[in-house]
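Undergrad: Have a look at the structure that comes next, please.
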Amino acid sequence: MAKLTEEQKRQRAAKRALRSALEAEADDRRRRERDEQWEREGWAEYVAGEPCRGCGLPMTDELGSWPPLLKLSEAEKLEYEEANQKFRERHTDCRAARWTVSGSRVMHCCFCCPPPPMGPKQVEKLARLLASWPSREERKTDLDSWDLTLRCDHVVPYIQHREITRVSARVVDCPECGERRGVMSSERVGPAYPDDGTIRERAAADRERLARGLAAAEAKLTRQQKNAAATQQRIAELQEELGSES
């Protein structure tokens with residue numbers, strides 16, 4: 001088989017990227033349509049105890065959560081495998097993960113089974129968590145901007161935390177096309193919000209504070225050294241006096 005040229009390699013890589021972008025767009029469109037359906041129909045049936053409208057099973061069976069896999073008894077292993085097999089048969093084409101309600105063993109699909117709404121305690125916990133986050137201005141300093149090249153050849157900016165070393169988004173909105181487009185490639189640009197002087201001011205204030213602390217520590221050490229020298233001198237004098245008396 002003839003060895004591929006560099007141009008052929010680039011062409012094949014471009015085709016793979018295009019195929020991946022198209023698949024990502026199809027999956028994204030599929031999920032968005034399902035999400036919109038859930039939003040239209042609402043989740044009131046969960047509160048009313050209605051069965052899941054995705055698979056028709058009860059939202060919860062109140063049998064208690066499954067124990068850890070390594071702690072399943074032989075009978076529980078058989079029951080678990082049977083439940084797994086039935087789940088796979090019900091959701092052959094969903095290609096999604098699964099979820100369960102706490103205290104239940106019924107498995108539901110993340111694609112076709114709408115999850116239950118958050119309860120008051122969950123909402124309260126989430127509100128406390130959000131309130132503990134740094135302010136938006138503080139978070140800005142940790143963000144980087146990326147350029148994403150889309151299937152339509154348009155380049156759009158994308159912002160994410162600096163510690164994330166690659167863009168995981170496969171589909172984003174294209175402002176020029178007005179459509180969701182698959183991502184072909186990504187390139188890090190740099191800080192999303194360049195330093196406007198605030199960071200330098202804080203750094204200068206920190207250096208000034210440290211300088212004052214250092215000066216105070218040095219002055220304290222000087223006083224201690226003087227006191228130590230005076231004490232050492234006094235010790236020498238007392239030793240001399242004791243020697244002369246003997």
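The values are calculated or read from the model by the stated rules, or taken from the named source; none is laboratory data. Because the structure is a prediction, the values reported are computed rather than measured. Methodologically, a virtual Cβ is constructed for each residue, glycine included, from the backbone with ideal geometry; neighbour enumeration extends over all protein chains shown. Note: accessible area is taken over every heavy atom of the protein model, side chains too, but ligands, DNA and RNA are not part of it. Shrake-Rupley method; radii C 1.70, N 1.55, O 1.52, S 1.80 Å.
Undergrad: What is the helix-to-structure angle for 6-41, meaning the angle in degrees between its Cα long axis and the longest Cα principal axis of the chain, kept from 0 to 90 and rounded to the nearest 10?
TA: Orientation of helix 6-41: about 80 degrees from the principal axis.
Undergrad: About the Cα centre, and with charges only on the beta carbon of Lys, Arg (+1) and Asp, Glu (-1), how big is the dipole of the stretch 97-158? Nearest 20 debye, please. Each step should come with its number before you reach the end.
TA: Values: 9 positive and 7 negative charges, 108 e Å.
In debye, rounded to 20, the stretch 97-158 gives about 520.
Undergrad: When you take every Cα atom in the stretch 141-196, what is the radius of gyration, and what is Dmax, the widest Cα pair distance, in Å?
TA: My reading of the Cα-based Rg and Dmax gives 11.5, 34 Å.
Undergrad: Can I get the semi-axes of the stretch 90-180's equivalent ellipsoid? Compute them from the C-alpha gyration tensor as square roots of 5 times the eigenvalues, in angstrom, largest first.
TA: On the way: eigenvalues 203, 124, 27 Å².
Result for the stretch 90-180: semi-axes of 32, 25, 12 Å.
Undergrad: Sticking with this structure for a sec: In Å², what does the accessible area per residue of the stretch 121-169 work out to with a 1.4 Å probe? The partial results should precede the final answer.
TA: Numbers: 3690 Å² over 49 residues.
Roughly 75 Å² per residue, with all protein chains present.
Undergrad: Give the separation of the Cα centroids, the stretch 47-63 to the stretch 104-180, in Å.
TA: With the stretch 47-63 and the stretch 104-180 each reduced to a Cα centre, they are spaced 29 Å.
Undergrad: Whole-Hz Karplus ³J(HN,Hα) for the stretch 140-151, in order, using 6.51 cos²θ - 1.76 cosθ + 1.60 and θ = phi - 60°, x for Gly and Pro?
TA: 4, 5, 9, 9, 10, 9, 10, 9, 9, 8, 9, 4
Undergrad: Listed highest first by mean packing, meaning other Cβ atoms within 10 Å per residue, what order do 83-94, 231-242 come in? Could you put the intermediate results ahead of the total?
TA: Details: 83-94: 13.2, 231-242: 9.9.
Highest-to-lowest ranking by the protection proxy: 83-94, 231-242.
Undergrad: Give the share of C-alpha pairs in each 10 angstrom bin for the stretch 1-124, from 0 to the last occupied bin, in whole percents, shortest bins first.
TA: 11, 30, 25, 16, 10, 7, 1
Undergrad: Among 104, 55, 4, pick out the residue whose Cα is farthest towards the positive end of the charge dipole of the chain, where Lys and Arg carry +1 and Asp and Glu carry -1 on C-beta, about the Cα centre.
TA: 4
Undergrad: Tilt of helix 120-131 relative to the longest C-alpha principal axis of the chain, in degrees (0 to 90, nearest 10)?
TA: 40 degrees
Undergrad: On the accessible surface of the chain, probed at 1.4 Å, how many percent belong to carbon and sulfur atoms? Write down the numbers at each step before the final one.
TA: On the way: 9800 of 18460 Å².
Carbon plus sulfur share of accessible area: 53 percent.
Undergrad: Where does each of 213-226, 8-21, 177-190 land if you order them by average Cβ count within 10 Å, highest first?
TA: Sorting 213-226, 8-21, 177-190 by mean packing, highest first, produces 177-190, 8-21, 213-226.
Undergrad: Also, I was wondering about something else. So, R0 is 41 Å and r is the distance between the beta-carbons of residue 53 and residue 129; what FRET efficiency does that work out to, to 0.05?
TA: Numbers: r = 30 Å, r/R0 = 0.74.
After rounding to 0.05, the efficiency reads 0.85.
Undergrad: Give the cross-link partners of residue 77 among the lysines, using a straight C-alpha distance below 25 Å as the criterion and excluding same-chain residues fewer than 8 apart.
TA: Within the straight-line cut-off, residue 77 pairs with 86.
Undergrad: Another question about this same structure. If I take every Cα pair under 8 Å that is 6 or more residues apart in the chain, average their sequence separation and divide by the length, what percent do I get for the relative contact order? Don't jump to the answer; show the numbers that get you there.
TA: Numbers: 212 pairs, mean separation 43.3, N = 246.
This gives 18 percent for the chain.
Undergrad: A further question follows. Would you indicate which of [x] 106, 59, 48; [y] 59, 33, 32; [z] 51, 36, 33 is the value of Cα extents along the principal axes in Å derived from the coordinates of this structure?
TA: Among [x] 106, 59, 48; [y] 59, 33, 32; [z] 51, 36, 33, the one derived from this structure is [x].
Undergrad: Continuing with the same structure: Magnitude of the Cβ-charge dipole of the chain, K/R +1 and D/E -1, about the Cα centre, nearest 20 debye? Before the final figure, lay out the partial values.
TA: Working: 44 positive and 44 negative charges, 143 e Å.
Taking the Cα centre of the chain as origin, the dipole is about 680 debye.
Undergrad: Same structure again: Cα axis of helix 198-245 to longest principal axis of the chain: angle in degrees, 0 to 90, nearest 10?
TA: The answer is roughly 30 degrees.
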